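This report refers to the structure that appears directly beneath it.
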Amino acid sequence: MAGIAFHKLHSSGNDFIVIIEKNGQSFVPPGQEPVLARRICRPHFGIGADGLMLVQGDKVRHFDPDGTLSFCINGSLCLARLLQEHPEIPYSFSLFHVPVTLAFEKGLSSLRFRPEMVQVQEMTVEGFAGRYVFVGNPHFFIHGYPKNIAKTREKAEKIRHSSVFPNGTNVSFWEHNTGTVKILTFERGVEDFTLCCGSACAAFSAGMHRPGKTVFVPPSGRELIVSMDHETGTMTVTGEVTDVCKGTFFLS
């Protein structure tokens, strides 16, 4: 029985399955990639992950656990960790219409990109005031870090599924600490809080107009650094990526 070779890695606790197709070999029929994502990312019945990164030559795509395509920073950082081991991975590519460039130096992964469109709007959604920011992915930020996760999850789910956002949104809660930003994100597609959301950190820097370097502390406790050029708007996200395992996944 043929299987699919995979790597599993995590960037600041945000874990991903990486599948690299080599020599034009295709593991799944075109159009069936969302099915693979749902199966392979499912805990207990699959490998379990926050997303699937699929590399097919110069084409790189990220699928959420529910099978939808999206822009993903931490998944891209996981790819950067594999650059030296897998020359098949392109250093530069377009991910969900956003051109990105990867690098891996001194044990750290980095992703550089310049958002082509940044939307920022103060708004109240389902009775909760916050700031909406779009940088590749939609995000809604609420000031204040929660103490009761269960009640906060209910709030996040209500906002995530609000009719205000036809395609849904990620929901983040944040507060300033000494020299850092503490952040917790409910991710659409995962449909729960994750240990780190890279695009939330990038969106925060853009939407809160924070040029220079911002250090984020997600629930995993592993810092993610976002640097934004004030003149060009180019963003560089840097973090530590850890190998978890690799093996073969069988579809049947």
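The values are calculated or read from the model by the stated rules, or taken from the named source; none is laboratory data. A quick note: this is a predicted structure, and the numbers were derived from the prediction, not measured. All Cβ positions, glycine included, derive from the backbone under ideal geometry; neighbour counts span all protein chains shown.
For region 194-230, the candidate set comprises residues that are more than 15 Å from ARG112 (Cα to Cα) and either of a type in the set (D, E, K, R) or assigned by TED's automatic domain parsing to the domain that holds SER11 (or both); within that set, the residue that is modelled with the lowest pLDDT is ARG210.
The set of residues from region 161-179 being out of contact with any helix residue (DSSP H, G or I) (no Cβ under 8 Å at 6 or more places or on another chain) and under 16 Å from CYS197 (Cα atoms) comprises just one member, GLU175.
Could you tell me whether any residue of region 90-100 is assigned to a loop (DSSP other than H, G, I, E, B) and not assigned by TED's automatic domain parsing to the domain that holds CYS245? The answer is no; no qualifying residue exists. Residue count for region 185-207, restricted to those that are hydrophobic (A, V, I, L, M, F, W, C) and over 13 Å from the mean Cα position of the chain (by Cα): 2.
Looking across region 226-252, the residues that are closer than 17 Å to PHE16 by Cα and of a type in the set (S, T, N, Q) come down to THR238, THR242, THR248.
Scanning region 59-81 for residues that are closer than 15 Å to ARG39 by Cα and buried (at least 20 other Cβ atoms within 10 Å of the Cβ) turns up HIS62, PHE63, ASP64, PRO65.
Only one residue in LEU77, LEU108, LEU52 is touching a Pro at 6+ places or on another chain (Cβ under 9 Å), closer than 22 Å to GLY198 by Cβ and modelled with pLDDT of 95 or more, so which one is that? Break it down into steps so the answer makes sense when it comes.
On the way: LEU77 fails: touching a Pro at 6+ places or on another chain (Cβ under 9 Å); LEU108 fails: touching a Pro at 6+ places or on another chain (Cβ under 9 Å).
So the residue among LEU77, LEU108, LEU52 that is touching a Pro at 6+ places or on another chain (Cβ under 9 Å), closer than 22 Å to GLY198 by Cβ and modelled with pLDDT of 95 or more is LEU52.
Only residues that are closer than 17 Å to SER205 by Cα and at pLDDT 95 or above were counted across region 122-137, and they come to 5. With the requirement that a residue be in a helix (DSSP H, G or I) and free of Cβ contacts under 8 Å to residues at least 12 places away in the same chain, what does region 143-169 give you? Once the filter is applied, which keeps residues that are in a helix (DSSP H, G or I) and free of Cβ contacts under 8 Å to residues at least 12 places away in the same chain, region 143-169 yields ALA150, LYS151, GLU154. Among the residues of region 238-250, is any over 30 Å from PRO29 (Cα atoms) and among the aromatic types (Phe, Trp, Tyr)? Looking for residues that are over 30 Å from PRO29 (Cα atoms) and among the aromatic types (Phe, Trp, Tyr), one finds none in region 238-250, hence no. Among the residues of region 186-205, those that are outside any loop (DSSP other than H, G, I, E, B) and under 17 Å from SER110 (Cβ atoms) comprise GLY198, SER199, CYS201, ALA202, SER205.
Has region 119-128 got any residue that is under 17 Å from the mean Cα position of the chain (by Cα) and over 26 Å from GLN56 (Cα atoms)? No, region 119-128 has no match at all. The condition (being among the basic types (Lys, Arg), farther than 21 Å from GLN119 by Cα and exposed (fewer than 15 other Cβ atoms within 10 Å of the Cβ)) is satisfied by just one residue among LYS182, LYS155: LYS182. Looking across region 119-142, the residues that are in a strand (DSSP E or B) and in contact with a helix residue (DSSP H, G or I) (Cβ under 7 Å, 6 or more places away or on another chain) come down to VAL120, VAL125, PHE128, ARG131, VAL133, HIS139, PHE140, PHE141.
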